[in-house]
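Coordinate-derived values only; no laboratory data. This structure is a prediction, so every number in the text was calculated from the model and none was measured. Cβ: placed from backbone, ideal geometry, glycine included. Neighbour counts: every protein chain shown.
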Amino acid sequence: MKILNKKALHNYHILERIEAGIVLSGAEVKSIRAGRVDLGESYVRILNGEAYLVNANIPKFQQSSQKDYDATRSRKLLLHKSQINSLIGKVSGKATTLVPVSIYEKNNKFKIEVGLGKSKKEFDKRRIIKEKDHIRRVQQELRGKE
């Protein structure tokens, strides 16, 4: 199962993608396996040489016994020190940001795909929507003629 962050793909040009591990509790893992995760408003921040996923909403698992659970807490990302230093260099000088692109399971562990994104302009978004709409119409016409 792969959960995409469609909002990030719509708002940013993804220049580079990096796979990272994520530190989760057991109840959070069960909640993600159930497909209950929202990456829409989340982003990645680097603090004190460590990467954190901020504002990702993973709701409480129904059968969990945790009383004080924060669904939008910051979660540590597992990256090599060289990868973090590289990301610091790429983000600091330019108008780029780190956004989570997707979360998926690999070898029974959850991984998060972090993208180095550059913001799209409004006219870029409109052009992409027009292109997708044109492709959809052409495909519908081809299906109708067969």
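Annotations
- Of the options [x] 12, 45, 38, 5, 0; [y] 9, 28, 27, 18, 12, 5, 1, 0; [z] 10, 35, 29, 18, 7, 1, 0, only one is P(r) over Cα pairs in 10 Å bins from 0, in percent as computed from these coordinates, and that is [z].
- Charge tally for Glu50 (other residues, Cβ to Cβ under 13 Å; Lys, Arg +1; Asp, Glu -1): +4.
- Checking every one of the GluC sites (Glu not before Pro) in segment 1-62 against DSSP loop status and a limit of 15 other Cβ atoms within 10 Å picks out Glu41.
- Once backbone amide H atoms are built at 1.01 Å from N, Lys120 has Tyr12, His13 as its partners under 5 Å, excluding neighbours fewer than 5 places away on the same chain.
- Among the listed pairs Lys60/Lys132; Lys60/Lys81; Lys6/Lys106; Lys7/Lys109, a Cα-Cα separation exceeding 29 Å is found for Lys60/Lys132; Lys60/Lys81.
- Straight-distance crosslink candidates among aspartates and glutamates, where the alpha carbon sits under 15 Å from Lys30 and sequence neighbours closer than 8 are dropped: Asp38, Glu105
- Each of Ser82, Gln62, Gly144 was placed along the dipole of segment 12-146 (beta-carbon charges, centred on the mean Cα), and the one lying farthest toward the positive end is Gly144.
- Projecting the Cα atoms of Gly49, Asn108, His13 onto the charge dipole of the chain, computed from C-beta unit charges around the Cα centre, puts His13 farthest toward the positive end.
- Computed from point charges on the beta carbon alone (+1 for Lys and Arg, -1 for Asp and Glu), the dipole magnitude for segment 2-119 about its Cα centre is near 140 Debye.
- Trypsin sites (Lys or Arg not before Pro) restricted to DSSP loop in segment 19-73 with at most 10 other C-beta within 10 Å: Lys67
- Full extension of the chain segment joining Val23 with Asp38 gains 3.8 nm, where the gain is 0.36 nm per residue of separation less the Cα-Cα distance.
- Over the chain, relative contact order from alpha-carbon pairs under 8 Å, at least 6 apart, %: 32
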